[in-house]
């Protein structure tokens, strides 16, 4: 390969693209230098827009136009230093015949790493062949060797020896029996996912086709975010205040200011409390066992962020919500599992997890996180690669050190959340979790799972990790067992990773096997990642 075409897929939100433009330009310079060093050259397929002040593909329509100028068989690099909406370029990539290489910067600050994982998962679902690389400075041996291989052959292969099929390990007979029995009842009982608009932020990979979902016994109730907003308008001020007072009483601390554009205000939080009440009432009205709120196009222009409501929903200990006639408490004593950003793959996982963990007698609160970033840490009894799992506020307080008392609510970053709203922020407590991911590949539902240990890092290290990622969001310090950084990147088919705690190591291992058996019985293709057979 001599001439490589390059595209930079971006966010739909102007502020995000403008903020990430300098990091994107710097990354492209380094990629260009690496290609030149290997005897090639890079041709950017679209230009910087002086009016918009960025050079990203920022819509599906623009993406289609850009790909009209790229030869169908040309080698193509998709370079990402920003969160990107995968569907912006899916139409072009789907019909592209040349070799494709996705590249991201290894950075917590600039979300290209997360964007890459989403794009890769979307391409996997679409059946598009691609290769992928990531790097901190684009001069390291791993990156240069991979780029050289791709430029010669059009393919880069990574070590995925940590992945084994469901049948390879000896799944304990008791776990297999429990999982099989649970799955049979789960499928026969049937359940509804309440979907408040599909396809959040271009996450094509997060939409499960109905024909794949229905055999599991789960069905979608397609709801609109406008329905949620209309429901918020019917929640009385005193009902919102009751939720707010309950949270204060539990120890949640709000970091209030006065400037609506940049600081968290009580008005924003009370509106979030109305969203929480409306969401519970709508779930009850439509018989939903779990719900997902998109909170992007549309809702983001009407009301503060949904994340505070989401984190509360995922917790069994939460403010009571009553029917409009105040004659019945809804979902009393239970969480209402919420799948952030309407990630339906995580929604199926969350519902199975919540019900199975409840049956096993384990704490059933669960959540997804972004597989955000990580680095090696040595000290405090830790000497390992420690991932930053981080999500925009949907993690339940049951996961935090000191629960609600260890939690704060801070204003969402204006770059992404113009109307603000508080997060639900805390540090995840030490312990063992089962991690997993449902994804679509080769026209089938797949399920990867493994174990991780959540470790406690010194306060200074936690603050540093928050500083280089998003300091307003809840964080989990996770050591993924038996899986290296690059193995995780090579295999994981999502920007999201699902986690649930177990009481101890043995319980986590048993629960992992039981849940794998359940998913296998529900018809998913199950793989274990990094576990000892």
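The values are calculated or read from the model by the stated rules, or taken from the named source; none is laboratory data. Computed from a prediction, not measured in an experiment: that's the story for all the values here. Ideal geometry is used to build each Cβ from the backbone, glycine not excepted, and the neighbour counts take in all protein chains shown.
Conditions tested, residue by residue: (1) surrounded by 14 or more Cβ atoms within 10 Å (Cβ to Cβ); (2) over 25 Å from residue 290 (Cα atoms); (3) out of contact with any strand residue (DSSP E or B) (no Cβ under 8 Å at 6 or more places or on another chain); (4) modelled with pLDDT of 95 or more.
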{"site": "226", "(1), (2), (3), (4)": "no, no, yes, yes"}
{"site": "230", "(1), (2), (3), (4)": "no, no, yes, yes"}
{"site": "235", "(1), (2), (3), (4)": "yes, no, yes, yes"}
{"site": "265", "(1), (2), (3), (4)": "yes, yes, no, yes"}
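Looking at 240, 283 in this structure, which one is touching a helix residue (DSSP H, G or I) at 6+ places or on another chain (Cβ under 7 Å) and surrounded by 19 or more Cβ atoms within 10 Å (Cβ to Cβ)? Let's see the steps before the verdict.
On the way: 283 fails: touching a helix residue (DSSP H, G or I) at 6+ places or on another chain (Cβ under 7 Å).
Answer to the selection: 240.
Let's see how each residue does on (1) over 30 Å from residue 36 (Cβ atoms); (2) modelled with pLDDT of 95 or more:
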| position | (1), (2) |
| --- | --- |
| 134 | no, yes |
| 145 | no, yes |
| 156 | no, yes |
| 167 | yes, no |
| 187 | yes, yes |
| 194 | yes, yes |
| 215 | yes, yes |
| 218 | yes, yes |
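Note down all Cβ pairs under 7 Å where the first residue falls in the stretch 136-159 and is free of Cβ contacts under 8 Å to residues at least 24 places away in the same chain, the second is part of a loop (DSSP other than H, G, I, E, B) and surrounded by 12 or more Cβ atoms within 10 Å (Cβ to Cβ), and they're at least six residues apart or on different chains.
146/156; 149/156
Inspect the stretch 421-436 for any residue being farther than 24 Å from residue 223 by Cβ and within 15 Å of the chain's Cα centre (by Cα) and give the result as yes or no.
The answer is yes, given that some residue of the stretch 421-436 is farther than 24 Å from residue 223 by Cβ and within 15 Å of the chain's Cα centre (by Cα).
Can you spot a residue in the stretch 380-398 that is closer than 19 Å to residue 437 by Cβ and surrounded by fewer than 19 Cβ atoms within 10 Å (Cβ to Cβ)?
Yes, the stretch 380-398 has at least one match.
Determine which member of the set 474, 503 is touching a strand residue (DSSP E or B) at 6+ places or on another chain (Cβ under 6 Å) and either without any contact (Cβ under 8 Å) to a residue 12 or more places away in the chain or under 23 Å from residue 358 (Cβ atoms) (or both).
Working: 503 fails: touching a strand residue (DSSP E or B) at 6+ places or on another chain (Cβ under 6 Å).
Going through 474, 503 in turn, just one is touching a strand residue (DSSP E or B) at 6+ places or on another chain (Cβ under 6 Å) and either without any contact (Cβ under 8 Å) to a residue 12 or more places away in the chain or under 23 Å from residue 358 (Cβ atoms) (or both): 474.
Of the conditions (1) over 26 Å from residue 206 (Cβ atoms); (2) in contact (Cβ under 8 Å) with a residue 40 or more places away in the chain, residue 48 fails just one. Which one is it?
(2)
Among the residues of the stretch 293-309, is any in contact with a strand residue (DSSP E or B) (Cβ under 8 Å, 6 or more places away or on another chain), on the phi < 0 side of the Ramachandran plot, in a helix (DSSP H, G or I) and free of Cβ contacts under 8 Å to residues at least 60 places away in the same chain?
Yes - at least one qualifying residue is present in the stretch 293-309.
Among the residues of the stretch 233-269, what is the count of those that are over 26 Å from the mean Cα position of the chain (by Cα) and assigned to a helix (DSSP H, G or I)?
Matching residues across the stretch 233-269 total 16.
Here are 216, 227, 265: which of them is touching a residue at least 60 places away in the same chain (Cβ under 8 Å) and under 22 Å from residue 304 (Cβ atoms)?
Values: 216 fails: under 22 Å from residue 304 (Cβ atoms); 227 fails: touching a residue at least 60 places away in the same chain (Cβ under 8 Å).
After ruling out the rest, the residue left standing is 265.
Please go through the stretch 48-81 and give me each residue that is touching a strand residue (DSSP E or B) at 6+ places or on another chain (Cβ under 8 Å) and closer than 27 Å to residue 137 by Cβ, ordered by number.
Hits for the stretch 48-81 are 48, 55, 56, 57, 74, 75, 76, 77, 78, 79, 80, 81.
If you go through the stretch 182-216, how many residues are buried (at least 17 other Cβ atoms within 10 Å of the Cβ), in contact with a strand residue (DSSP E or B) (Cβ under 8 Å, 6 or more places away or on another chain) and farther than 27 Å from residue 123 by Cβ?
Result for the stretch 182-216: 3.
Given the criterion touching a helix residue (DSSP H, G or I) at 6+ places or on another chain (Cβ under 8 Å) and within 26 Å of residue 91 (Cα to Cα), identify the matching residue among 202, 231.
Details: 231 fails: within 26 Å of residue 91 (Cα to Cα).
Answer to the selection: 202.
Is there a residue in the stretch 353-367 that is assigned by TED's automatic domain parsing to the domain that holds residue 472, under 30 Å from residue 12 (Cβ atoms) and crowded, with 24+ Cβ neighbours inside 10 Å? Please lay out each step first, then the result.
Within the stretch 353-367, the first condition is being assigned by TED's automatic domain parsing to the domain that holds residue 472, and the residues that meet it are 353-367.
Now narrow it down to the ones that are under 30 Å from residue 12 (Cβ atoms): 366-367.
Those left that are additionally crowded, with 24+ Cβ neighbours inside 10 Å: 366-367.
The answer is yes, given that some residue of the stretch 353-367 is assigned by TED's automatic domain parsing to the domain that holds residue 472, under 30 Å from residue 12 (Cβ atoms) and crowded, with 24+ Cβ neighbours inside 10 Å.
Considering only residues of the stretch 156-179 that are in contact with a helix residue (DSSP H, G or I) (Cβ under 7 Å, 6 or more places away or on another chain) and farther than 21 Å from residue 488 by Cα, which is surrounded by the fewest Cβ atoms within 10 Å (Cβ to Cβ)?
Step one: list which residues in the stretch 156-179 are in contact with a helix residue (DSSP H, G or I) (Cβ under 7 Å, 6 or more places away or on another chain), which gives 156, 158-160, 162-163, 166, 171-172, 175-176, 178-179.
Next cut, farther than 21 Å from residue 488 by Cα only: 171-172, 175-176, 178-179.
Working: 171: 20, 172: 15, 175: 20, 176: 18, 178: 21, 179: 25.
Here the residue is 172.
Checking the structure you have, find out if any residue of the stretch 20-40 is within 30 Å of residue 295 (Cα to Cα), part of a helix (DSSP H, G or I), in contact with a helix residue (DSSP H, G or I) (Cβ under 9 Å, 6 or more places away or on another chain) and at pLDDT below 95.
yes
Residue-wise test of (1) in a loop (DSSP other than H, G, I, E, B); (2) at pLDDT below 95; (3) within 30 Å of residue 504 (Cβ to Cβ).
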position	(1), (2), (3)
271	no, no, no
274	no, no, no
291	no, no, no
315	yes, no, yes
324	yes, yes, no
346	no, no, yes
359	no, no, yes
362	yes, no, yes
